[in-house]
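Participant: Quick one: structure below, then a few questions.
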Amino acid sequence: MNKKLVAALSGGAALVVALTGCGGNGDEDDKKVNDWAKSVCDEVQPQLKKIQGANASIQAAADEQDSKKLQQTDSKAFQQISESYAALAKAVDKAGPPPVDKGETTQRQAVKELNSTSVAYKDLKTSVDKLDTSDKSKFAEGLKGVADELDKLSKSGDKALQKLQEGEVGTAMAKQPGCQKPKAPGGATT
C-alpha cells in the first residue's frame, strides 16, 4: 500500500543530498567562506538526521496493512520533514549571504526553495490526514495521489541549493562535518 510512497521518497533524497556539501574547486583557505559554511553546516546536520529518520519511518511502514497506522506514520513523517526544511531555511537565512559574488541572490533563492519545500511537505501531511482510512481501496487510491505529489516534489529540482554549493562555498561546505551526510542507523550510508 505504501510502496509507491517509499519509491517517491528515494527520489526526494536528492533534496537532502543537495545539502550534503558536494562542492566546487574554490580557494580552500578563504576564512570568511569557511566561517560562513560552518555557521550553516552546524545547523544542517540535526535537520538532515530528522529528515533521514522520517524517511526511514515511512520506509519501515511500507508493508503496514492497518490504514490508520500507516496514515499516522506518514503524517508524522511529513510534518517532521516540513519542520526540518523550515529549520534549514532559517539556518541559511541566519548565516547571511555567503561572502562570494552574487551571495545575496544565492542565499535568497536557497531560503525561498527550502521554505517552499517545507510548505510542500506540510501540504502532503494535510493530504494524508484527509485520507479516508475506513475504506482500504479509497485509502490506497488517495495514498497513490500523495505519492504522485511526492514524486513531483522530488523532481522539482534543487537549483538554488546546487547554486549555494558552487565554487568556494561548496568547497567550504564539503569540508564541514555538519554538512556531511549522516550515517544511516546500523552504520551504513544511504
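The values are calculated or read from the model by the stated rules, or taken from the named source; none is laboratory data. Keep in mind that what you see is a predicted model, and the values were worked out from it rather than measured. Don't worry about glycine lacking a Cβ; one is built from the backbone with ideal geometry, like all the others, and counts go over all protein chains shown. Heavy atoms of the whole protein, side chains included, go into the accessibility calculation; ligands, DNA and RNA do not. Shrake-Rupley method; radii C 1.70, N 1.55, O 1.52, S 1.80 Å.
Participant: Is there any pair linking a residue in region 103-125 that is closer than 13 Å to Gln165 by Cα to one that is hydrophobic (A, V, I, L, M, F, W, C) and surrounded by 20 or more Cβ atoms within 10 Å (Cβ to Cβ), with Cβ under 7 Å and at least six apart or on different chains, and which?
Facilitator: Pairs found: Thr106/Leu164; Gln107/Val92; Gln109/Ala160; Ala110/Val92; Ala110/Ala160; Ala110/Leu161; Ala110/Leu164.
Participant: Within region 96-113, how many residues turn out to be assigned to a helix (DSSP H, G or I) and open to solvent by less than 30 Å² (accessible area, probe 1.4 Å)?
Facilitator: Number of matching residues: 5.
Participant: I need the full set of residues from region 114-142 which are of a type outside the set (A, V, I, L, M, F, W, C), open to solvent by less than 70 Å² (accessible area, probe 1.4 Å) and in a loop (DSSP other than H, G, I, E, B), in order please.
Facilitator: Selection gives Asp132, Thr133, Asp135.
Participant: Do we have any residue at all in region 143-155 that's among the small types (Gly, Ala, Ser), under 30 Å from Asn34 (Cα atoms) and either open to solvent by 30 Å² or more (accessible area, probe 1.4 Å) or touching a helix residue (DSSP H, G or I) at 6+ places or on another chain (Cβ under 8 Å) (or both)?
Facilitator: yes
Participant: Could you please find all residues in region 61-84 being without any contact (Cβ under 8 Å) to a residue 40 or more places away in the chain, open to solvent by less than 90 Å² (accessible area, probe 1.4 Å) and part of a helix (DSSP H, G or I)?
Facilitator: Our first condition is that a residue be without any contact (Cβ under 8 Å) to a residue 40 or more places away in the chain; within region 61-84, this holds for 66, 69, 72-73, 76-77, 80, 83-84.
When the remaining residues are screened for being open to solvent by less than 90 Å² (accessible area, probe 1.4 Å), the result is 66, 73, 77, 80, 84.
Passing the criteria: Thr73, Ala77, Gln80, Ser84.
Participant: Kindly provide the set of residues from region 85-95 that are open to solvent by 10 Å² or more (accessible area, probe 1.4 Å) and over 30 Å from Leu131 (Cα atoms), ordered by number.
Facilitator: Within region 85-95, Lys90, Asp93, Lys94, Ala95 meet the criteria.
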